[in-house]
Structure formats: C-alpha cells, structure tokens
Amino acid sequence: MAVTKGYAMDTNKPLIDWESRTKGLSITDALKTVNRAFGSSAVLTTSFGKEDQYITHLIAINALDISIATLDTGRLFEETLDLFNRTRSRYDIHIEVFCPDTKALAELVTKKGPNSFYLSVEDRKECCYVRKVEPLQRCLKNKAVWVTGIRAEQSANRKNMPQWEYDESNQIFKFHPLLHVSDQELDELLATGNIPVNELHDRGYPSIGCAPCTRAVEEGEHPRAGRWWWETSSKECGLHSTTVKAH
C-alpha cells in the first residue's frame, strides 16, 4: 500500500471510494477534487485530441497542479506537433515529453524496417509497445492517478467503463472525467472556451494517432475506423488494456 498526500492507496476500497467522491460533480469540480488529494502525483497524458485539449484547458485555467505529459512516437502528424506548440503558447504550461527508448526503437527498425506495423496485428502491437507503451510506463512511474480523455462513445469496449479503474500493468488508478460527455457536448465545450484543436479534425480525422496508422473516415463510419484502418482488431494500442473496475 502506497501513501500519496496522506491518502492510503489500497487497490480495493479506493476504487469505490473515489467513484463516489466524484460522482455527480462537474468535470471541473471532479478535477479539483483529484488535484486536492494528489496534486502533481496525478498526470494527464495528452495526445492533443479534443478530449485532452479540454482537460488541459481546465487544468490550466484553474491553475491545477495535475501534471501533463505526452508521448512523442516519432511518427506524429505535423498538425499534431503544431497543436502541441500552440497549446504551450496559449496556456503557458509545462508538458513533459516521453520518447521511445533509442536502443529498442533502433533494433525494431533495423530488424523489421520502418513500416513493420502493416505486416500483422502482432507486428503493429510490437511497434505500439516500443513507441507508446514503454514510454507510457516511464511516464506513469511514481504517479498515483492517471487522468485520461477516454469517452464511452469512442468505441464499443469503452461503453460500460466506470469513471475510475485500477490499471494492473502500471499499478495506478485511472480517472476518466469525460467518460459520459457526448460528441456534441464536447464540441460545444471546446467552442465556448475557444480551445485550440487539431486542424485534422476538420479534414475527417475524429481520432488521431501516428500518421502512418491513421486515415480520415467516411461519413457514417465509426470515429475510430480510421485508426489501424487495415485491421479488424479492437482498435486499441495497449495503453488501456489491463484494468480492474470499481464494483
């Protein structure tokens, strides 16, 4: 059992406890509650999607101590990198960057080439592990709460998620403050706050990852259809794979 800011981090009772503490609160008040308990021991990982931009906005305008970090995979869209710069300038905030391990990445590309992720689901997951999962593990080390931009509408396997989970792989609590926010509600919140978003959203990219692994979607397609578009997998990269739900 770890202790963060005086709070005993037992992996059984706190899930239910924190679910009840934030239930019914506004998104801002829920984040403030997490901030009071954990401060910078809580971290938002941002890929600069709409959800992450809105949470970043709330952290910044409310001067919360929640840390913000991002994973630079080395294959991001130029538009994503541009938004990274615009976000830093707009809010004058620190965003810590985690990159792939140089040796592991060099070995992968030397052995299988730069685009091995197209060969099979296993090869794609290997690339995701090197470029995203392992850097995320370093990002979350010694943190108590992982704040995410996950929403129930994003994919079928996220529809029944609770707002609080325990991630066994990373030994950390996960909080999804926007879980029950709809697409329309999110767009309205972004517009009201004049919050900067990725230019690719206006070009048919609702979900944006690495450039070689993301395409625009057609009208009527699921928002995540453009992620790993050549696969029929569950459209996950492994960042949100092992959790224990509150019950």
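Let me know the Kirkwood hydrodynamic radius for the chain, please, with Cα pairs as the basis and the value in Å to one decimal.
Details: mean 1/r = 0.0535 Å⁻¹.
One decimal place: 18.7 Å for the Kirkwood radius.
How far is helix 50-61 tilted, in degrees, relative to the longest principal axis of the Cα atoms in the chain, given as a value from 0 to 90 rounded to the nearest 10?
Roughly 40 degrees, rounded to the nearest 10.
Please compare each pair in LYS103/LYS174; LYS23/LYS132; LYS50/LYS141; LYS23/LYS174; LYS103/LYS143; LYS141/LYS174 to a cut-off of 21 Å on the Cα-Cα distance and tell me which ones are over it. Provide the component values of the computation, followed by the final result.
Values: LYS103/LYS174 30 Å; LYS23/LYS132 31 Å; LYS50/LYS141 25 Å; LYS23/LYS174 15 Å; LYS103/LYS143 25 Å; LYS141/LYS174 13 Å.
Listed pairs above 21 Å: LYS103/LYS174; LYS23/LYS132; LYS50/LYS141; LYS103/LYS143.
By counting other Cβ atoms within 10 Å of each Cβ, how are TRP230, TRP18 ranked from fewest to most? Kindly include the intermediate steps, with their values, before the conclusion.
Details: TRP230 11, TRP18 21.
Fewest to most other Cβ atoms nearby, the residues stand as TRP230, TRP18.
Lys/Arg Cβ at +1, Asp/Glu Cβ at -1, dipole of the chain taken about the Cα centre: which of THR22, GLY220, THR232 is farthest positive-ward?
My answer, from the dipole projection, is THR22.
For THR73, THR232, what's the fewest-to-most ordering of other Cβ within 10 Å of each Cβ?
Values: THR73 23, THR232 7.
In order of increasing Cβ crowding within 10 Å: THR232, THR73.
Let me know the charge dipole size of the stretch 2-245 about its Cα centre in debye, to the nearest 20, where only the beta-carbon of Lys, Arg (+1) and Asp, Glu (-1) is charged.
Details: 31 positive and 34 negative charges, 131 e Å.
For the stretch 2-245, the charge dipole is close to 620 debye.
Based on the mean of other Cβ atoms within 10 Å per residue, sort peptides 166-174, 183-191 so the most packed one is first.
Values: 166-174: 18.6, 183-191: 13.9.
Highest mean packing first, the order is 166-174, 183-191.
Read the figures in this text as sums done on the coordinates, not as results from a lab. Fair warning: this is a prediction, and the values are worked out from it, not measured in the lab. A quick note on method: Cβ atoms are made from the backbone with ideal geometry, for glycine too, and the neighbour counts reach across all protein chains shown.
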